[in-house]
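Presented below is the structure to which this report refers.
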């Protein structure tokens, strides 16, 4: 929901850093981000929540840097965008799984299943919709990411906020997992409605 506005902030913050480190290949930031994200999941599993939060934010910083470095060094590629989204989804799955494994409570596990199920459907909804829009040449010419999709209630910005809340307030995981899952369901419905109106 806030991704377009936050992208301006993100570019203002990351572009100067990217200028300094542009000799490093962008994919290396992606891989380091994967390591940090898996580390966050493992720390959450061990209930080392402060470390998990720090590693989660490191993952997000590295995720922002890979694209910024690619743009600054004029080395953007379809493979880079593909690798980035695969790594994002690995981390998006690993962190809540680590949290749930750390608590081993039945209610939290059910909420985790609900949350990851909504991610599964949402991923299919926006990726296939993005492919159709690409086919129909509906993608904006000014796009800064490899793939663009119609905005929804839950996007990258909201995911960062929710995952940070998961790690900072693990005692209410049941409610946070359930709330995010419900908001993702609303996002799926939003895109279905948008598609029904624009893809006839």
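The values are calculated or read from the model by the stated rules, or taken from the named source; none is laboratory data. Keep in mind that this is a model prediction, so the values were computed, not measured. We place every Cβ from the backbone using ideal geometry, glycine too, and count neighbours over all the protein chains shown.
Structure summary
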{"item": "Residue list for the range 147-175, filter: under 22 Å from residue 37 (Cβ atoms), assigned to a helix (DSSP H, G or I) and in contact (Cβ under 8 Å) with a residue 40 or more places away in the chain", "result": "156, 157, 158, 159, 160, 163, 164, 166, 167, 168, 170, 173"}
{"item": "The range 63-107, residues that are crowded, with 22+ Cβ neighbours inside 10 Å and within 20 Å of residue 172 (Cβ to Cβ)", "result": "95, 96, 98, 99, 100"}
{"item": "Meets criteria (on the phi < 0 side of the Ramachandran plot, exposed (fewer than 14 other Cβ atoms within 10 Å of the Cβ), under 17 Å from the mean Cα position of the chain (by Cα) and at pLDDT below 95) for residue 124", "result": "yes"}
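Residue-by-condition table, conditions (1) in contact (Cβ under 8 Å) with a residue 24 or more places away in the chain; (2) under 17 Å from residue 164 (Cβ atoms):
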position: 35; (1), (2): no, no
position: 44; (1), (2): yes, yes
position: 57; (1), (2): yes, yes
position: 67; (1), (2): yes, no
position: 72; (1), (2): yes, no
